[in-house]
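The values are calculated or read from the model by the stated rules, or taken from the named source; none is laboratory data. None of these values were measured; they are calculated from a predicted model. Here the Cβ positions follow ideal geometry from the backbone for every residue, glycine too, while neighbour counts run over all protein chains shown. What goes into the accessible areas is simple: the full protein's heavy atoms, side chains included, and nothing from ligands, DNA or RNA. Shrake-Rupley method; radii C 1.70, N 1.55, O 1.52, S 1.80 Å.
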There are 2 protein chains.
Amino acid sequence: MKTPSFSSVQAAAERLRGVAHRTPVLTSHTLDELVGGSVFLKCENFQRMGAFKFRGAYNRIVQLDAPARARGVVAFSSGNHAQGVALACKLLGIHATIVMPSDAPASKTAATRDLGAEIVFYDRHKSHRAEIAQDLCKGGATLVPPFDDPEIVAGAGTAGLELLADVPDLEVIVTPVGGGGLLSGTALAAHGINPGIELYGVEPEAGNDFQQSLERGEIVQTDVPKTIADGLQTTAPGEITFPIVRSHVKSIVTVSDDQLCGAMRFAFERMKVAIEPSGAAGLAAVMAKFLPAGKRIGIVISGGNIDAGRFASLTA
Amino acid sequence: MKTPSFSSVQAAAERLRGVAHRTPVLTSHTLDELVGGSVFLKCENFQRMGAFKFRGAYNRIVQLDAPARARGVVAFSSGNHAQGVALACKLLGIHATIVMPSDAPASKTAATRDLGAEIVFYDRHKSHRAEIAQDLCKGGATLVPPFDDPEIVAGAGTAGLELLADVPDLEVIVTPVGGGGLLSGTALAAHGINPGIELYGVEPEAGNDFQQSLERGEIVQTDVPKTIADGLQTTAPGEITFPIVRSHVKSIVTVSDDQLCGAMRFAFERMKVAIEPSGAAGLAAVMAKFLPAGKRIGIVISGGNIDAGRFASLTA
């Protein structure tokens, strides 16, 4: 399988031009004072369908040829990747079947269905979603995995290109890490521009499969983590993303669910921005001051898909 | 008293360069489909201290000479103007005394105090805030009114300049209207660039003092309106703002509290943006389709200062 590179991130950016939102970078004097540095939030919660996931999904699916498009697309996802695939398919006129865990947030399943996708539910503690998806692909449909695919990684990295175009002199970039698509794509983008930029990934304490894997030097499989960060409940790094993270990323940091809630509350009340738990991981880690003072820090806010009611109960 | 003009808005923009945030303009395909037009949200909820009010306050206060700065500043405000004045004074090293209603939202009083201002409370149903403020000014402090001042109006208009710089071909601009500072400043900015742009102001049904005044052709005084839009609880148009609105604005539209809540919920769940009730007035009116289909519409989202708890109870 082809390895993603800086030039594949650049090619993805061309494909996404005029299709994906060029999301804004927000700053806050209050946040800078709190952190003791200069912080720049790349707001992918303002991306189409509310998360960076649209970038990778579209970049992958738009490259399918006509016969493949006619056979349709299958994806499995805890939520945002589902919406990304559904939206990309809607824009391209392709049938999408999404395999979703039955406990996925209601806002995410509703939004996916609104985008015209067919949804097949499974129990995340009983069945293997990959097997279900492979069955669904027997008719020739293309399986679009959530992160472990070179074009998904390249698409995710385009947010990093935009961030560095807006703020060229960043010293550090911090992203959430689930399967590693966003982190590895961002790392390729950043180091293609400036190899001196330090990259960090942030995962929930309860689901530190990436941290364990880096420590061991090989992919470690964990149980499904219990965390409010529903988008980061992956159980292992990807085969494509892991080596990229290993060679480009300085280290993996973890945050507690309480820290995620604190970051969500801060972003809402002080910056007027709605962030879902997974999307707040980078902000939560930076607010916990894992970095030395005085740095110029970019943070990718990866998504904002959360019901107002759930948001209220988490930030109360 | 000097009348604000397009050139005073341009001069204000120069003073605010590098001091105020140049806030982003957000779009949403879902919103466009809902409205049947192209909608552009100028997000002044991302402005410093969370509302457009900083623009006018800073533009007014930065023009004080050294003796006036030494004597300090007094302001009366239901909330966001207070924070705008407090922040401007903090940046300029000026003592600020803010006269606030005792029922102002806790987030707004706390934020004002955090910015170093001294707060004097009054009962909005019993005392006259203007008299209290005038007493406080006996020592020579400068009273900075919330809207009825040429430099406050000019500062508020700078958000309109930025919106039109980003989206030059707007046909319509819609803003909330309380005392009329934002609406009249925006109108001056818009018509200085393109006299063909239609301007609309939106106020709460319960507090339609501007609508009544335009119908009568003179300033009408109303009771303090009962509405969740705490920033739009003005009881009369300003003497400076009213004639500008009368000559530049096509009409005033009203929205219900329920419509405000619906717009806040939509903005949160679909656009990931926190808007306070007053700030959502323009969006609520456009979502209620008061305009014909097919228009290119700019909406100024005027502020986002609301506690997470109050937001939850209003959008539940």
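Against the conditions (1) touching a residue at least 60 places away in the same chain (Cβ under 8 Å); (2) surrounded by fewer than 15 Cβ atoms within 10 Å (Cβ to Cβ); (3) under 22 Å from the mean Cα position of the chain (by Cα), A:Gly140 satisfies every one except (3). Residues in region B:219-235 that are open to solvent by 20 Å² or more (accessible area, probe 1.4 Å) and of a type in the set (A, V, I, L, M): B:Ile219, B:Val224, B:Ile228.
Taking the conditions (1) touching a residue at least 24 places away in the same chain (Cβ under 8 Å); (2) of a type outside the set (Val, Ile, Thr); (3) closer than 30 Å to B:Pro277 by Cβ; (4) away from chain B (no Cβ under 14 Å) in turn, A:Gly304 satisfies each one other than (4). When the residues of region B:97-106 are narrowed to those that are more than 14 Å from chain A (Cβ to nearest Cβ) and open to solvent by 20 Å² or more (accessible area, probe 1.4 Å), which ends up modelled with the highest pLDDT? Result: B:Ser102.
Scanning region A:217-239 for residues that are more than 25 Å from A:Asn305 (Cβ to Cβ) and either in contact (Cβ under 8 Å) with a residue 24 or more places away in the chain or among the small types (Gly, Ala, Ser) (or both) yields A:Gly217, A:Glu239. For region A:268-283, the candidate set comprises residues that are in contact (Cβ under 8 Å) with a residue 40 or more places away in the chain and at the interface with another protein chain (Cβ under 8 Å from one of its Cβ atoms); within that set, the residue that is most open to solvent (accessible area, probe 1.4 Å) is A:Arg270. Just wondering, is there one or more residues in region B:129-137 that are open to solvent by less than 10 Å² (accessible area, probe 1.4 Å), of a type in the set (A, V, I, L, M, F, W, C), in the same structural domain as B:Ala284 (by TED's automatic domain parsing) and farther than 20 Å from B:Ile306 by Cβ? Within region B:129-137, none of the residues are open to solvent by less than 10 Å² (accessible area, probe 1.4 Å), of a type in the set (A, V, I, L, M, F, W, C), in the same structural domain as B:Ala284 (by TED's automatic domain parsing) and farther than 20 Å from B:Ile306 by Cβ.
Only a single item in (1) of a type in the set (Lys, Arg); (2) out of contact with any His (no Cβ under 6 Å at 6 or more places or on another chain); (3) open to solvent by 20 Å² or more (accessible area, probe 1.4 Å); (4) within 14 Å of another protein chain (Cβ to nearest Cβ) is not met by B:Arg124, and it is number (4). Exactly one residue out of B:Gly160, B:Gly192, B:Gly201, B:Gly178 is more than 14 Å from chain A (Cβ to nearest Cβ), in a loop (DSSP other than H, G, I, E, B) and in contact (Cβ under 8 Å) with a residue 12 or more places away in the chain: that is B:Gly178. Any residue that is among the hydroxyl-bearing types (Ser, Thr, Tyr), touching a strand residue (DSSP E or B) at 6+ places or on another chain (Cβ under 7 Å) and under 20 Å from A:Ile61 (Cβ atoms) - is there at least one of those in region A:153-175? Scanning region A:153-175 turns up no residue that is among the hydroxyl-bearing types (Ser, Thr, Tyr), touching a strand residue (DSSP E or B) at 6+ places or on another chain (Cβ under 7 Å) and under 20 Å from A:Ile61 (Cβ atoms). Looking only at residues in region A:4-28 that are assigned to a loop (DSSP other than H, G, I, E, B), within 14 Å of chain B (Cβ to nearest Cβ) and not hydroxyl-bearing (Ser, Thr, Tyr), which one is nearest to A:Gly262 (Cα to Cα)? Here the residue is A:Pro24.
Among the residues of region A:73-93, none qualifies, meaning not one is open to solvent by 20 Å² or more (accessible area, probe 1.4 Å), more than 25 Å from A:Ile301 (Cα to Cα) and either in the same structural domain as A:Ala156 (by TED's automatic domain parsing) or touching a residue at least 40 places away in the same chain (Cβ under 8 Å) (or both). When residues in region B:29-67 are screened for being within 9 Å of chain A (Cβ to nearest Cβ), open to solvent by less than 20 Å² (accessible area, probe 1.4 Å) and either assigned to a helix (DSSP H, G or I) or modelled with pLDDT under 95 (or both), 3 of them pass. Does A:Thr109 meet the test of being open to solvent by less than 30 Å² (accessible area, probe 1.4 Å), assigned by TED's automatic domain parsing to the domain that holds A:Cys43 and hydroxyl-bearing (Ser, Thr, Tyr)? Answer is no for this residue.
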